[in-house]
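Below is one structure; the comments refer to it alone.
The values are calculated or read from the model by the stated rules, or taken from the named source; none is laboratory data. What you see is a predicted model, and the numbers here were worked out from it, not measured in a lab. Methodologically, a virtual Cβ is constructed for each residue, glycine included, from the backbone with ideal geometry; neighbour enumeration extends over all protein chains shown.
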């Protein structure tokens, strides 16, 4: 007599298990992405507090994004219910629900003046950091006796000036030779 655990699984059970695993991974990844986005958004909000009207708009956009995520969770649940009722549900539908929801949620947040202000602040900070790093690099190159960008630019400008002068001298020599040959 064979044990029921040794019998091959029926295809339906295997398909449902695979679908459940895929949906579970998809939901987990999307929740992690949402969490990371909101954590980043919150940190940026704390780092550069927007004006009062922008702050209200930012919270409204956060609420709208949250509603989008909750709608996605509802849609996912509905499609899982359909799948359990033996309706034709593809696993890509779950991915599409979460991708579309992510796009809508990000759009809700990114279309605000607060987000624009925070992004502007972040870009400004990055540019300042880049300028500081450039200055530090130039100082270190000078201390090591290596040419800096300014040194290379100066040499380039001198070469261009020398080429211009050489061209002028060549033109004058050509005129002198022409005059001598004409005599």
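Suppose we filter segment 89-105 for residues that are part of a loop (DSSP other than H, G, I, E, B) and modelled with pLDDT of 80 or more; how many remain? Can you show your working first?
Step one: filter segment 89-105 for residues part of a loop (DSSP other than H, G, I, E, B), giving 89-90.
Now narrow it down to the ones that are modelled with pLDDT of 80 or more: none.
Number of matching residues: 0.
Any residue at all in segment 156-163 that's more than 30 Å from residue 66 (Cα to Cα) and either surrounded by 11 or more Cβ atoms within 10 Å (Cβ to Cβ) or within 27 Å of the chain's Cα centre (by Cα) (or both)?
No, segment 156-163 contains no residue that is more than 30 Å from residue 66 (Cα to Cα) and either surrounded by 11 or more Cβ atoms within 10 Å (Cβ to Cβ) or within 27 Å of the chain's Cα centre (by Cα) (or both).
Is it fair to say residue 131 is buried (at least 17 other Cβ atoms within 10 Å of the Cβ) and either in a helix (DSSP H, G or I) or at positive phi (or both)?
Criteria not met by residue 131.
Within segment 76-95, how many residues turn out to be under 13 Å from residue 22 (Cβ atoms) and either surrounded by 13 or more Cβ atoms within 10 Å (Cβ to Cβ) or under 18 Å from the mean Cα position of the chain (by Cα) (or both)?
Step one: of segment 76-95, the residues under 13 Å from residue 22 (Cβ atoms) are 76, 79-80, 83, 89-95.
Still in the running and either surrounded by 13 or more Cβ atoms within 10 Å (Cβ to Cβ) or under 18 Å from the mean Cα position of the chain (by Cα) (or both): 76, 79-80, 83, 89, 91, 93-95.
So the answer is 9.
Spot the failing condition for residue 86; the list is (1) on the phi > 0 side of the Ramachandran plot; (2) outside the structural domain of residue 18 (by TED's automatic domain parsing), and only one is missed.
Unmet condition: (2).
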